[in-house]
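Some notes on the structure that comes next.
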Amino acid sequence: MLAMDQGVVEDWLSEFKTLPDSAVSNYATSLKDKGVLVPALYKVIRENYSDLLEPVCHQLFEFYRSGEPQLQRFTLQFLPELLWSLLSVSAARDPHTSGCIEALLLGIYNLEIVDKDGQSKVLSFTVPSLSKPSVYHEPSAIGSMALTEGALANHGLSRVVYSGPHLQRETFTAQNRFDVLTFLLLCYNAALSYMTSTSLQSLCQLSSRVCICGYPRQQMRRYKGISSRLTVTSEFLVQLITGIHYALCNGEVELGSKALDDVLYRAQLELFPEALLVGNAIKSTLHGAALKSNNKEGARSIQVEITPTSSRISRNAVTSLSIRGHRWKRHESQEVSVDSEAVLGGVAIPEISVTGVGGERMTNGDSMRPRPEGRAQSDGETLGGASEVSVDPRGHDSSTRGQEVRRQKSVRRMVENEGSGSASTGRSQY
């Protein structure tokens, strides 16, 4: 560590101790203007044997305990680097060098699980409903939803998931380590919009290192740090993916893409369904999306595709108009014209022309072949010799036309009777 960086950190340590309580708010605002302070603190945290590590951790805890939101966010920006320092030291089995980091993380955890009165917090999460609009979907774009009795009973009800109360922790153990770290990442993700690009880069590096150390992918990434595998949980990976998603949409495209691939790689090896579901969902939304790599100083956000709102009625929706239309169609089907064909009981009804100029329908129903006038159309080939009807070429005579219509109706009734009889006996006539 350079002497200049050490001097900056020492000045920062002594400055806060002499501040009166009334000047804390102004001091928290002025921290943004100290551009050399944050890189110097990162160097202290990365050097586990630095003499300034313990006073720095103590100062960061005082910031968080002050209750000033800006000071708390200043401490949270170093959380990914603190987590990696703790995990790497634990993997190296040298816990004596991480005592101050453990105390800082446990202190933040114990402060976050209680409210101002010292009572345990119970966090609640409302599960989105497809029947209500959100930034991710519009109910009108989904189509008609079946109005069943169960749907009507649950209409307007929201499902709420609760987390907590959480237990106080005094030390890290193998059983509670990732419970505490997952909760700390949850607090970090709640303040993602205030995190700097350096903090987001540190989060992506933490995600990659935790997931690939000790696996073949470590050689591909050319990471020469620790080579022992780190135990992770599915909930911990889900919180990492949440932060990576935000980093991807806010300037850290390259690091974020590598981190997301590494987390999915580890989730596949561990068979973590929750992490695979969330990670693959985010990865599928990023295909074809124009991620802005230069959006580091602009407004913080997450890109989503909002379905354009349009007033429309689904084709499947049952309305009074559709009921009337259905009634009209049924009425029209009963008054079928004399030149229509139908298939009843497996027997085709022949097409009979009441004029002398008719056409013969082909078997596929796609083309018509003209027939000379005066030629009688016989349905003996179609009905297997059941009946034969000849057409009078004098089609313009009204009496003859009426006779032909009555004759055709009798043929239809005969065909229907034959078709019903063949269906009942299991025999078809052609």
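Okay, here's what the table says:
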{"item": "Any hit, the stretch 114-125, residues being under 30 Å from Asp33 (Cα atoms) and either under 36 Å from the mean Cα position of the chain (by Cα) or of a type in the set (S, T, N, Q) (or both)", "result": "no"}
{"item": "Restricting the stretch 159-173 to residues that are assigned to a loop (DSSP other than H, G, I, E, B) and of a type in the set (Val, Ile, Thr), the residue that is least open to solvent (accessible area, probe 1.4 Å)", "result": "Thr173"}
{"item": "Helices (runs of 4 or more DSSP H) fully within the stretch 4-107 counting 2 or more residues that are basic (Lys, Arg) and closer than 24 Å to Asn189 by Cα", "result": "37-46"}
{"item": "Filter pass, Val9 being touching a helix residue (DSSP H, G or I) at 6+ places or on another chain (Cβ under 6 Å) and either open to solvent by 60 Å² or more (accessible area, probe 1.4 Å) or without any contact (Cβ under 8 Å) to a residue 24 or more places away in the chain (or both)", "result": "no"}
{"item": "For Val36: the one exception among (1) closer than 25 Å to Gly118 by Cα; (2) of a type outside the set (Asp, Glu); (3) touching a residue at least 24 places away in the same chain (Cβ under 8 Å); (4) open to solvent by 10 Å² or more (accessible area, probe 1.4 Å)", "result": "(1)"}
{"item": "Residue within the stretch 232-243 that is over 23 Å from Pro273 (Cβ atoms) and touching a residue at least 40 places away in the same chain (Cβ under 8 Å) present", "result": "no"}
{"item": "One residue from Glu62, Glu102 being over 25 Å from Gly243 (Cβ atoms), touching a Leu at 6+ places or on another chain (Cβ under 9 Å), at pLDDT 90 or above and acidic (Asp, Glu)", "result": "Glu62"}
{"item": "Leu152 being at pLDDT 80 or above, part of a helix (DSSP H, G or I) and on the phi < 0 side of the Ramachandran plot", "result": "no"}
{"item": "Residues that are outside any helix (DSSP H, G or I) and surrounded by fewer than 17 Cβ atoms within 10 Å (Cβ to Cβ), drawn from the stretch 254-273", "result": "Leu271"}
{"item": "Yes/no for Ile282 being part of a helix (DSSP H, G or I), under 28 Å from Tyr194 (Cβ atoms), modelled with pLDDT of 95 or more and open to solvent by less than 50 Å² (accessible area, probe 1.4 Å)", "result": "no"}
{"item": "Glu15 surrounded by 14 or more Cβ atoms within 10 Å (Cβ to Cβ) and of a type in the set (D, E, K, R)", "result": "no"}
{"item": "Odd one out for Gly251 among (1) open to solvent by 10 Å² or more (accessible area, probe 1.4 Å); (2) not in a helix (DSSP H, G or I)", "result": "(1)"}
{"item": "Boolean, Val114 is at pLDDT 70 or above, surrounded by 12 or more Cβ atoms within 10 Å (Cβ to Cβ), under 29 Å from Leu83 (Cβ atoms) and among the aliphatic types (A, V, I, L, M)", "result": "yes"}
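The values are calculated or read from the model by the stated rules, or taken from the named source; none is laboratory data. Since this is a predicted model, take the numbers as computed values, not measurements. Note that we place each Cβ from the backbone using ideal geometry, even for glycine, and neighbour counts take in every protein chain shown. To get the accessible areas, we keep the full protein, side chains included, count just its heavy atoms, and leave off ligands, DNA and RNA. Shrake-Rupley method; radii C 1.70, N 1.55, O 1.52, S 1.80 Å.
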